[in-house]
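Structure, as structure tokens:
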Amino acid sequence: MDDFLAARSQMAMSLGFHIIFACVGMVMPFFMAISHYKYLKTGDEVYRGLTKAWSKGVAILFATGAVSGTMLSFELGLLWPKFMEHAGPIFGMPFSLEGTAFFIEAIALGYFLYGWDKFNKWFHWITGVIVGISGLASGILVVAANSWMNSPSGFEFVDGKYLNIDPIKAMFNPGWFSQSLHMVIAAFAATGFAVAGAHAVMIMRKKNIEFHTKAFKIAALCACIAALLQPISGDISAKFVAKYQPAKLAAMEAHFHTEEKASLIIGGIPNEKTQEVNYAIKLPGMLSFLAHGDLNRPVTGLNDIPENERPPVAITHYAFQIMVGLGMILVLISLIYFTALIKKKSWLEKKWLFKLFAFAIPLGYIALEAGWVVTEVGRQPWIIYGVMRTKDAVTPMPGIAYSFYIFTTVFVSLAAIVIFLLSRQMKMVGRLYDPTDADYINKKIIP
Amino acid sequence: MIYVVITFLWASICLYLILGGADFGAGIIELFSGKKNENNVKQQMYKAIGPIWEANHMWLIIAIVILFVGFPVIYASVSTYLHIPLAIMLLGIIARGTAFTFRHYDAVKDDWQNIYNKIFRLSSVITPFFLGIIAASTVSGKIDNKATDFLSAYIFSWFNFFSASVGIFTVAICAYLAAIFVIGETTNALQRNYFTIKAKEAILLVIIAGALVFTSAYFSGIPLFNWIFGDRIGIVAILLASLSLVTLFLNFNKGRPNLLRMLAGFQVVMILVAATYSHYPDIILFKNGDSLSLINHAATEKTMQSLGWALLLGSVFILPFLVYLIYSFKSRKMD
Ligand code: HDD
Ligand code: HEM
Ligand code: HEM
């Protein structure tokens with residue numbers, strides 16, 4: 001494997017790994033806070049057990065998120081020293097604030113995990129909420145750093161020099177809002193569906209039904225609200241891309257030729273040689289409308305982008321189709337769930353509903369990874385859009401391929417262990433966390 | 001503002017070495033405590049570091065962020081020339097953090113515990129060893145920024161006698177810190193004696209490793225002796241460190257755990273002062289005599305301003321919480 005490709009793959013893998021745990025870190029504290037709140041309000045011990053069961057699972061994921069994040073902050077330098085040398089002082093602001101957010105998160109987590117029955121109960125509850133808020137804040141901050149790479153601002157680039165650096169302006173770059181918003185909603189959708197699905201499986205197996213139903217409700221409700229908001233925020237993102245990164249938009253849509261009334265292409269196999277998309281559904285004018293809010297405005301095609309500035313079309317296009325396609329499936333599931341909640345209460349007992357949610361377990365995360373592939377691969381060949389090329393940023397050290405193999409092994413084993421641990425956690429629910437279960441061992445404090 | 005940033009950088013490195021060091025030391029002591037005491041040691045260690053380990057490794061992240069925002073050239077060249085030891089240290093950090101958490105949170109306690117234990121202990125040694133190697137390599141003058149072949153650019157920059165000795169020295173310091181830290185957590189005389197012995201063994205190790213560092217510096221032509229004893233600050237720092245070591249010995253069995261902890265922490269800070277002061281603000285010394293300095297290779301003033309403010313603001317938020325966290329877990333004994 002060539003070193004440049006290895007470096008890109010290693011970066012992509014580490015980020016793709018980290019984002020899963022980061023999303024859990026952003027979302028689960030809120031689920032726990034809801035369950036914890038219900039416990040404090042109703043005194044129902046099942047909610048207390050649920051809060052604890054979740055916090056145990058989250059502790060495992062949290063540690064994995066923390067180590068993979070630590071890894072990333074080194075990796076940026078290990079793999080892209082030239083990038084960090086110039087970009088660090090410009091887009092570093094969110095990272096330095098993120099440090100604070102992490103710190104607060106870690107401290108609040110210390111209070112929350114070890115503070116059962118030790119503090120005033122509402123103080124204890126608040127610490128849980130603070131974990132969530134600071135998790136969200138750190139997510140928003142890093143994504144702001146990433147969107148700077150997409151829409152660099154806060155400096156002037158003159159003769160290869162980076163002048164008049166303004167870190168605050170760089171942090172509030174044009175893309176920060178649309179990207180962070182979309183990311184936060186995606187985190188809720190992805191984690192929500194995964195958690196709801198896991199509990200749905202347990203309900204179908206008739207294990208600790210009350211416990212899992214309570215868990216399912218909290219997760220499913222949050223997930224479905226997020227899924228409905230997703231396309232709206234996706235549209236805002238698309239308008240941002242259209243304005244600031246026409247090359248990426250063209251690649252996402254496999255839009256080879258600039259045209260008025262540009263058509264939205266759904267599915268299809270892009271052929272970069274013939275510059276055509278085969279077997280696709282085309283909706284004339286829709287792309288112009290989605291990108292610019294006007295059916296007739298022309299949309300820049302790849303033919304107007306210099307050849308050496310075009311991103312890989314096929315990957316970007318497929319990834320975009322996967323994200324949007326899955327997004328639509330999640331919208332559908334949400335609509336069904338809301339219908340069940342409001343009109344057809346009988347559906348809530350039906351096996352097919354739980355089957356549907358079980359089927360949706362991985363979908364949110366797949367969409368999330370696909371979305372990141374769109375953003376990151378669609379930015380190529382640039383690491384800082386329009387300013388620095390990825391290949392000029394890579395480390396001069398040879399042999400990165402070996403590092404890629406080693407870290408791949410590590411990440412794969414970690415993922416396997418985490419899944420194994422979580423499934424064990426699920427199996428122990430009856431004994432450890434559900435006070436209504438016959439096997440429950442009543443330990444006041446589960447250490 | 002640049003001095004504020006440097007102070008934060010230095011402070012977070014110190015805190016990482018002290019708090020994170022005690023944390024690493026926990027694994028090292030576990031490794032070197034026979035089967036008989038295994039469970040006892042594990043529990044004491046968990047009580048001591050469980051609630052704060054997440055916060056501990058934040059110091060490392062803060063230091064890294066300060067480096068790449070404020071001193072990007074330094075960050076870039078360290079991560080280029082010391083890529084390999086950094087990557088190994090990272091593997092250690094990953095293995096350690098996850099093994100520690102998994103062994104505690106695994107819902108079923110079975111043979112997997114042995115695997116977690118092994119990984120945790122081994123990586124507790126590897127990580128500080130490479131941390132020491134990295135620190136030593138930045139100042140050992142072995143980094144060759146003109147090198148063209150793989151070996152001299154990426155291997156000999158860190159693979160040498162001096163760096164290895166500093167690595168061993170760092171491991172010894174960590175074990176020492178952990179032993180001292182845990183003494184305060186013990187609840188009966190038997191345990192206290194056990195960890196007191198461990199602490200004394202660790203001190204011996206620190207002294208031997210220290211001697212090794214000086215020897216290797218001498219043979220590698222690194223003027224370590226001059227750096228430390230060549231100016232007043234260095235001598236004073238070493239004197240104070242020795243003095244506090246004597247005080248520590250006198251107070252071993254007097255039941256004042258916090259005094260012991262303070263003294264041990266103080267010694268580490270003094271060692272760090274002695275080792276860094278004389279070549280400050282240069283923190284990377286290259287083979288050909290070039291150097292990278294915190295003053296000359298800092299980011300522009302505007303970046304420093306915002307970084308400094310972010311750090312100051314952050315500490316206003318964080319410190320009260322952190323102090324209260326430590327306080328409440330120290331004052332209320334957990335079961
Ligand atoms: C649960 C996951 C999920 C779902 C269902 C969707 N997305 Fe998404 N999308 C993401 C998760 C995501 C993401 C992984 O979070 C990205 C990557 C970077 C970012 O900010 O968000 C993203 C990026 C992203 C971008 C690129 C932004 C950029 O490069 O700056 C666009 C244009 C869209 N999305 C549009 C949509 C549309 C129109 C959707 C319609 C349903 C949609 N997304 C569903
Ligand atoms: C966590 C979610 C993210 C995922 C899944 C992700 C995914 C990827 C992928 C697939 C690539 C490889 C692109 C290619 O070379 O073809 C990449 C590259 C990269 N990403 Fe991300 N990314 C994420 C977030 C971020 C963030 C928040 C940052 C920085 C603030 C970032 C910085 C980079 C850098 C520096 C590269 C290498 C240079 C490049 O290929 O352009 N990424 N990422
Ligand atoms: C879109 C991409 C990203 C998002 C949304 C994100 C979000 C988060 C969140 C919410 C956490 C805390 C939760 C947990 O510990 O599990 C976390 C941890 C962490 N992240 Fe990321 N992150 C992203 C990418 C990155 C990148 C590119 C870096 C490095 C430059 C990074 C560095 C870290 C670090 C150091 C931690 C550990 C903090 C701790 O110990 O609590 N993250 N991330």
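The values are calculated or read from the model by the stated rules, or taken from the named source; none is laboratory data. Just so it is clear, the model here is predicted, and its values are computed rather than measured. For neighbour counting, all protein chains shown are included, and Cβ atoms are generated from backbone atoms with ideal geometry for every residue, glycine included. These accessible areas exclude ligands, DNA and RNA; they are computed on the full protein's heavy atoms, side chains included. Shrake-Rupley method; radii C 1.70, N 1.55, O 1.52, S 1.80 Å.
Some points to look at:
- Here A:LYS169 is the anchor, and the aspartates and glutamates within straight C-alpha reach of less than 13 Å, apart from those fewer than 8 places off in the same chain, are A:GLU156.
- Span from the the range A:147-163 Cα centroid across to the the range A:68-82 one, whole angstrom: 21 Å
- Excluding ligands, DNA and RNA and using a 1.4 Å probe, chains A and B jointly bury around 5800 Å² of accessible surface, summed across both partners.
- In this structure, the residue pairs whose Cα-Cα separation is over 20 Å, taken from A:LYS261/A:LYS282; A:LYS38/A:LYS207; B:LYS42/B:LYS118; B:LYS42/B:LYS109; A:LYS206/A:LYS344; A:LYS121/A:LYS427, are A:LYS38/A:LYS207; A:LYS206/A:LYS344; A:LYS121/A:LYS427.
- Rounded to 10°, Cα long-axis angle of helix B:53-70 versus longest principal axis of chain B: 10 degrees
- Helix content alone sets the calculated 222 nm mean residue ellipticity of chain A: runs of n ≥ 4 DSSP H residues at -39500 (n - 2.57) each, divided across all residues, give -24500 deg cm²/dmol.
- Look at where the Cα atoms of the range B:227-287 and of the range B:180-213 average out, and the two centres are 17 Å apart.
- Compactness of chain B - radius of gyration and Dmax, Cα, Å: 20.1, 60
- Taking 17 Å as the straight-line reach from the Cα of A:LYS118, the aspartates and glutamates in range (excluding those fewer than 8 positions away in the same chain) are B:ASP335.
- Summing Cβ point charges (Lys, Arg +1; Asp, Glu -1) relative to the Cα centre of chain A gives a dipole of roughly 2080 debye.
- With the simple model of a label 7 Å out from the Cα in the direction of the Cβ, B:ASP111 to B:PHE225 spans 5.6 nm.
- Bridgeable aspartates and glutamates around B:LYS142 (alpha carbons under 14 Å apart, same-chain partners fewer than 8 residues away excluded): B:ASP290.
- Label-point separation, A:GLN275 to A:LYS261 (7 Å along Cα→Cβ), nm: 2.1 nm
- In this label model, B:VAL236 and B:ASN145 are separated by 3.2 nm, measuring between points 7 Å along each Cα→Cβ vector.
- GNM flexibility winner over chain A from A:VAL331, A:VAL142, A:VAL387 (Cα, springs under 10 Å): A:VAL387
- Residues whose amide H comes within less than 5 Å of that of A:GLU276, counting only those at least five positions distant or on another chain, are A:ASN271 (H built at 1.01 Å from N in the peptide plane).
- Seen against the Cα atoms of chain A and their longest principal axis, helix A:121-150 is set at about 10 degrees.
- Of the residues A:GLY160, A:GLY386, A:GLY92, the one that moves most in a GNM of chain A with alpha-carbon contacts below 10 Å is A:GLY160.
- Here the gap between B:ASN193 and B:ASN40, fully extended at 0.36 nm per residue and compared with their Cα-Cα distance, gives a gain of 53.8 nm.
- The protein assembly as shown: C-alpha gyration tensor shape, a/c 1.5 cut-off, then a/b vs b/c: oblate
- Axis angle, to the nearest 10 degrees, between helix A:45-79 and the longest C-alpha principal axis of chain A: 30 degrees.
- In the context of the full set of protein chains, residues of the protein assembly as shown present 41 Å² of accessible surface per residue (probe radius 1.4 Å, heavy atoms only).
- Distance from the range A:334-397 to the range A:245-268 (C-alpha centre basis), Å: 21 Å
- Taking A:LYS343, A:LYS214, A:LYS243 in turn, the Gaussian network model of chain A (Cα-Cα springs below 10 Å) assigns the largest fluctuation to A:LYS343.
- Shielding of B:77-85 by partner chains, average beta-carbon count, 10 Å: 5
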